[in-house]
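One structure is given here, and the rest of the page talks about it.
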């Protein structure tokens, strides 16, 4: 009887964790869309870090429903536009909002 109670409690806890894992915030975005956005963000960020013309550590990348928002600081307009081009070239990107500020 004690084993049954333990197994039942484990099964219920697992069900609660799985259900909670499926509930995605960000304005009720679906789990699949959230994963797609996370993939896009990762790809944009890694491509910026690989590019010697962009200071990838100075630029933040956020994605929501395929729209990428870039923010942070660039040394010049060329770096700002290169970062935007990198983001646009990633699969799944629908649009890019470039909020990067150029610092002299």
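The values are calculated or read from the model by the stated rules, or taken from the named source; none is laboratory data. Note that the structure is predicted; figures quoted are calculated from it, not measured. Every residue, glycine as well, gets a Cβ built from its backbone with ideal geometry; the counts of neighbours run over all protein chains shown.
The residue of the stretch 84-104 that is nearest to residue 42 (Cα to Cα), among those that are more than 16 Å from the chain's Cα centre (by Cα) and part of a loop (DSSP other than H, G, I, E, B), is 103.
Looking at residue 24, is it part of a loop (DSSP other than H, G, I, E, B), at pLDDT below 95 and surrounded by 11 or more Cβ atoms within 10 Å (Cβ to Cβ)? Yes: the conditions hold for residue 24. Hey, among the residues in the stretch 47-71 that are surrounded by 15 or more Cβ atoms within 10 Å (Cβ to Cβ) and in a helix (DSSP H, G or I), which one's modelled with the lowest pLDDT? My answer is 56. Taken over the stretch 72-104, the criterion of being at pLDDT 95 or above, loosely packed, with under 14 Cβ neighbours inside 10 Å, in contact with a strand residue (DSSP E or B) (Cβ under 7 Å, 6 or more places away or on another chain) and under 18 Å from residue 55 (Cβ atoms) is satisfied by 76, 77, 99, 101, 102.
How about the stretch 72-83: which of its residues are touching a helix residue (DSSP H, G or I) at 6+ places or on another chain (Cβ under 8 Å) and not in a strand (DSSP E or B)? Talk me through it step by step, then tell me what you get.
Quick first cut of the stretch 72-83, residues touching a helix residue (DSSP H, G or I) at 6+ places or on another chain (Cβ under 8 Å) only: 72-74, 83.
Selection gives 83 alone.
For the structure I just gave you, tell me whether residue 33 is out of contact with any helix residue (DSSP H, G or I) (no Cβ under 8 Å at 6 or more places or on another chain), exposed (fewer than 13 other Cβ atoms within 10 Å of the Cβ) and at pLDDT below 95. Spelling it out, it is not the case that residue 33 is out of contact with any helix residue (DSSP H, G or I) (no Cβ under 8 Å at 6 or more places or on another chain), exposed (fewer than 13 other Cβ atoms within 10 Å of the Cβ) and at pLDDT below 95.
Selection of the stretch 57-83 for residues being in contact (Cβ under 8 Å) with a residue 12 or more places away in the chain, under 22 Å from residue 103 (Cα atoms) and within 17 Å of the chain's Cα centre (by Cα) yields 58, 59, 60, 61, 62, 68, 69, 70, 71, 72, 83.
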